[in-house]
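Peer 1: First the structure, which I've put down as C-alpha cells, then a few questions once you've had a look.
The values are calculated or read from the model by the stated rules, or taken from the named source; none is laboratory data. Quantities reported herein were computed from a predicted structural model and do not represent experimental measurements. Reconstructed Cβ throughout: ideal geometry from the backbone, glycine too, with neighbour counts over all protein chains shown. Just so you know, the surface numbers come from the protein's heavy atoms only, side chains and all, with ligands and any DNA or RNA stripped out. Shrake-Rupley method; radii C 1.70, N 1.55, O 1.52, S 1.80 Å.
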Amino acid sequence: MIKDITLGQYFPGGSLLHRIDPRMKILVAMLFIIMVFSATTVYTLAAVTVLTFLLPLIGRIPFKTVMKSILPLKWIILIMLILYLFAGAKEGDRILWQWQWHFIHIAFSVEGIAKAVCLSVRIVVLVLSTSVILSYTTSPIALADAIERLLAPLNRIKVPVHDFAMMITIALRFIPILIEETDKIMSAQASRGADFYTGNLVKRSKALIPVFIPLFVSSVRHADELATAMECRCYRGGRGRTRMKKLTYTAVDYAVFALTALLLFAVIIAADHAGGFAYL
Amino acid sequence: MSFIEIKNLSHAYNEDDHREETIHDLSLSIERGEFVALLGHNGSGKSTLAKLITGILDIQSGQIIADGTDVSKISGEEELFALRRKIGMVFQNPDDQLVATVVEEDIAFGPENLGVEPQEIRRRVRNSLRAVGMLKYARHAPHKLSGGQKQRIAIAGVLAMMPECIIFDEATAMLDPKGRADVMSLISRIHKAGITVVHITHNMNEALAADRVVVINEGRIFLEGTPSYVFSHVDELHSVGLEAPPLTELLHALAAAGYSVPAFSSGVSDTVDVVESLFGK
C-alpha cells in the first residue's frame, strides 16, 4: 500500500498541457497569476474563472482530483467570508443589516458580500490554475529541471542552481524509501510493545522518538552510500555535464505563451474600461 | 601487464593504529577479461579493497596500478574520472545507487556526468536497458520495481559508462533468490561480453561461476586459485569461518566418513553420479 504513493500531485497523461515545455509552463503560470490579480472587476473575474475551469478539461484531469486541491482551502475561504461579511462595509454601501454596541460595529452590505465572494473565487482560481498548469500536468523531475534551466543565468553570480535542482531530485527519489523505512521501524517498535496511537499529545510525541532516531541514522547512511555511488559514476556537480533530454521550445509553446499574454492584456484593458462592479 | 596490479597494499581506517589494519600487505593481479570472485566474511577487507581500486579511499601504503595508471599518484579530477569510467562499481543496496525518479534518467546520469552528447546518451541508455532486459521499464519509477530489477537498473547505469571492468561489491547480498539468480546470470553475460568482472560476495555458489576465486581473511589473501582448487580445501575454509558450496560440503562429509569421493563438486548432476556410484540408485 505504501509503495503506491505518487510523488507530488502529478497526473500522468499526454494532453496539450502535459506536452508544453515545463519552462514555458512556469512562465505561463506566472502570467496566469498576474491575470488573476488584474481581474479587479466582476466581469473580468468571471471570465478568468471560466478560463480556469477549462484548464482541467484541456489537461484531461478528472474534476474530482482537481477538487481535492481546493478542498483544503475551505477554512481560509470561510475565515475570509466571515471577515469580509462583518468588516467589509464602507460608507455609502447599501447596508442590509447592522448592529452597533459601543465601538463594535457589525454590518452586512451588498458590496461587502460581493467583495467576500469575489475574493474567495479569486483564491480558488489562483490555486486551481497554478496546480493544473504546474503540479497536475508536470512531473516533479521535469519541474526541478525547468527551474534549473530557467535559473541558469544565476550561475554567473555563483548561485549553485544545479546543486539545488539535484537536491530536489534526490529528495523526491528518497521520499518513498524513507516512508517505507518509517513503516518498517514503526512496525518493529510496535511489535516490541511501542504504542503510537493512544495517550495524550506529549505521550504520543515521545513514542515517536525511538522512530525518528533510527530513521535519522539510516538517512545519514543512505546519504553516505549514495554519495559514494554518485562519485563512482563520475558526478562532480554541474560542471561539464550534458543532459540526455534537451528542452527545446516548439511552436506550440510559443503559441500558448502568446495566447496567455494576449488574454492577460485583454483582462487588464477590460478591467480598466469595460465597467462592471469593481470589487477592489 | 595485468589490468589491475595490487602490490603490498596496506590500509587502516585509523591511520595511526596499524594493529587495526583492514588490509595487510596484500598483492593481487587481475587480468583483462577475467572473472574473479573475492570471498571473505564480513570485515575481511574485501569491500575496502574495491574502494581503494576505484580511488574512493586514499591509498596509504603500497601500490595499485589500474590499466597502466598508478592510482595512488592520481591528483587531478580528470584522471580520477577516467579511472572510474573504466572501472565501474555496483553496490549492495540498489536504492542507494539510483539517483533519478525515472529509470532512463538514472541510466543517463553517468554518461551525462561524462559530458556525452545527448544523442549518444539516448543510444547508450537503450542499449544498456536492453542488455539488462529492462527496456520496457524505461519510464518507470525505481521505487516501484523489485530489488533484483533495481539492481539490474544500477548495473545498466554502470554499463552506460562503457566500463572495461565492473566491481560488484556484494551486489546480490540484499536480493531475494529470484533477483539474485537474475543478477548472477547478468554478471556472467557481462563477463562473456569481454568486461573484466570482480565479484565480491560471501555466497559460495556465486563464486563457482568465476574463473578464479580469491579468499581474503583479515586483510590477507588466504587461498587463491580456480573454484575447484579453492573449494577442495574445505578444512582450510572452515578454519576461517567460511564454508564450501553445499554439494562440496556433502562430498567432504562423505570423505570424512571414509568414502572415497572427489574433493570438489562442479554441479548437481556431477554429485548425483558420485552418490549413485556409492549407494546405488
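Peer 1: Out of curiosity, is A:PHE196 out of contact with any Cys (no Cβ under 9 Å at 6 or more places or on another chain) and assigned to a helix (DSSP H, G or I)?
Peer 2: Criteria not met by A:PHE196.
Peer 1: Six or more apart or on different chains, Cβ atoms under 7 Å: show the pairs whose first residue is in region A:234-251 and more than 7 Å from every other protein chain (Cβ to nearest Cβ) and whose second is of a type outside the set (Gly, Ala, Ser).
Peer 2: Correct list of pairs: A:GLY237/A:HIS162; A:GLY237/A:ASP163; A:GLY238/A:HIS162; A:LEU247/A:ASP21; A:LEU247/A:ARG23; A:LEU247/A:ARG149; A:TYR249/A:ASP21; A:TYR249/A:MET24.
Peer 1: Write out, first by first residue and then by second, each pair whose Cβ atoms fall under 6 Å of each other, whose residues are 6+ apart or on separate chains, and whose first residue, in region B:163-192, is without any contact (Cβ under 8 Å) to a residue 60 or more places away in the chain and under 21 Å from A:CYS232 (Cβ atoms) while the second is buried (at least 17 other Cβ atoms within 10 Å of the Cβ) and of a type in the set (Lys, Arg).
Peer 2: Close Cβ pairs satisfying both conditions: B:THR172/B:ARG180.
Peer 1: Restricting the search to region B:105-115, which residues are open to solvent by less than 20 Å² (accessible area, probe 1.4 Å) and either of a type in the set (A, V, I, L, M, F, W, C) or at the interface with chain A (Cβ under 7 Å from one of its Cβ atoms) (or both)?
Peer 2: Those that are open to solvent by less than 20 Å² (accessible area, probe 1.4 Å) and either of a type in the set (A, V, I, L, M, F, W, C) or at the interface with chain A (Cβ under 7 Å from one of its Cβ atoms) (or both): B:ILE107, B:ALA108, B:PHE109, B:GLY110, B:GLU112, B:ASN113.
Peer 1: Could you list, in sequence order, the residues of region A:136-169 that are within 21 Å of A:PHE11 (Cα to Cα) and surrounded by fewer than 18 Cβ atoms within 10 Å (Cβ to Cβ)?
Peer 2: Of everything in region A:136-169, those that are within 21 Å of A:PHE11 (Cα to Cα) and surrounded by fewer than 18 Cβ atoms within 10 Å (Cβ to Cβ) turn out to be A:ILE147, A:ILE168.
Peer 1: Quick check: anything in region B:11-26 crowded, with 18+ Cβ neighbours inside 10 Å, within 14 Å of another protein chain (Cβ to nearest Cβ), on the phi < 0 side of the Ramachandran plot and part of a strand (DSSP E or B)?
Peer 2: No.
Peer 1: Among the numbered criteria (1) touching a residue at least 40 places away in the same chain (Cβ under 8 Å); (2) surrounded by 18 or more Cβ atoms within 10 Å (Cβ to Cβ); (3) away from chain B (no Cβ under 14 Å), which single criterion is violated by A:GLY112?
Peer 2: Every condition holds for A:GLY112 apart from (1).
Peer 1: Among what's in region A:214-241 and is open to solvent by 50 Å² or more (accessible area, probe 1.4 Å) and under 24 Å from B:ILE167 (Cβ atoms), pick the residue that is modelled with the lowest pLDDT.
Peer 2: Taking the candidates together, the pick is A:ARG236.
Peer 1: Does region B:237-255 contain at least one residue that is closer than 30 Å to B:LEU129 by Cβ, free of Cβ contacts under 8 Å to residues at least 40 places away in the same chain and either buried (at least 21 other Cβ atoms within 10 Å of the Cβ) or not β-branched (Val, Ile, Thr) (or both)?
Peer 2: The answer is no, given that none of the residues of region B:237-255 is closer than 30 Å to B:LEU129 by Cβ, free of Cβ contacts under 8 Å to residues at least 40 places away in the same chain and either buried (at least 21 other Cβ atoms within 10 Å of the Cβ) or not β-branched (Val, Ile, Thr) (or both).
Peer 1: Then there's this: Is one or more of the residues making up region B:126-140 within 11 Å of chain A (Cβ to nearest Cβ) and open to solvent by less than 30 Å² (accessible area, probe 1.4 Å)?
Peer 2: no
Peer 1: Also, I was wondering about something else. Just name the residue that is nearest to the chain's Cα centre (by Cα) out of those in region B:116-125 that are surrounded by 15 or more Cβ atoms within 10 Å (Cβ to Cβ) and among the charged types (D, E, K, R).
Peer 2: Per the stated criteria, the residue is B:ARG124.
Peer 1: How many residues does region B:69-104 contain that are facing chain A (nearest Cβ under 7 Å), open to solvent by less than 30 Å² (accessible area, probe 1.4 Å) and free of Cβ contacts under 8 Å to residues at least 24 places away in the same chain?
Peer 2: 2
Peer 1: To continue, here is another question. Which of the helices (runs of 4 or more DSSP H) contained wholly in region B:159-278 include at least 3 residues that are within 25 Å of B:ARG124 (Cα to Cα)?
Peer 2: Correct list: B:177-192.
Peer 1: Any chance region A:266-279 includes a residue that's assigned to a loop (DSSP other than H, G, I, E, B), within 27 Å of the chain's Cα centre (by Cα) and farther than 27 Å from B:PHE91 by Cβ?
Peer 2: Yes, there is a match, as at least one residue in region A:266-279 is assigned to a loop (DSSP other than H, G, I, E, B), within 27 Å of the chain's Cα centre (by Cα) and farther than 27 Å from B:PHE91 by Cβ.
Peer 1: Going through region A:32-70 one residue at a time, which ones are within 15 Å of the chain's Cα centre (by Cα), open to solvent by 30 Å² or more (accessible area, probe 1.4 Å) and at pLDDT 85 or above?
Peer 2: Scanning region A:32-70 gives a single hit, A:ILE33.
Peer 1: Separate question: Is it fair to say B:SER47 is surrounded by 19 or more Cβ atoms within 10 Å (Cβ to Cβ), in contact (Cβ under 8 Å) with a residue 40 or more places away in the chain and under 20 Å from the mean Cα position of the chain (by Cα)?
Peer 2: In short, yes.
Peer 1: If I filter region A:161-171 for residues that are more than 14 Å from chain B (Cβ to nearest Cβ) and of a type in the set (Gly, Ala, Ser), do I get at least one hit?
Peer 2: Within region A:161-171 (the criterion being more than 14 Å from chain B (Cβ to nearest Cβ) and of a type in the set (Gly, Ala, Ser)), the answer is no, since none of the residues qualifies.
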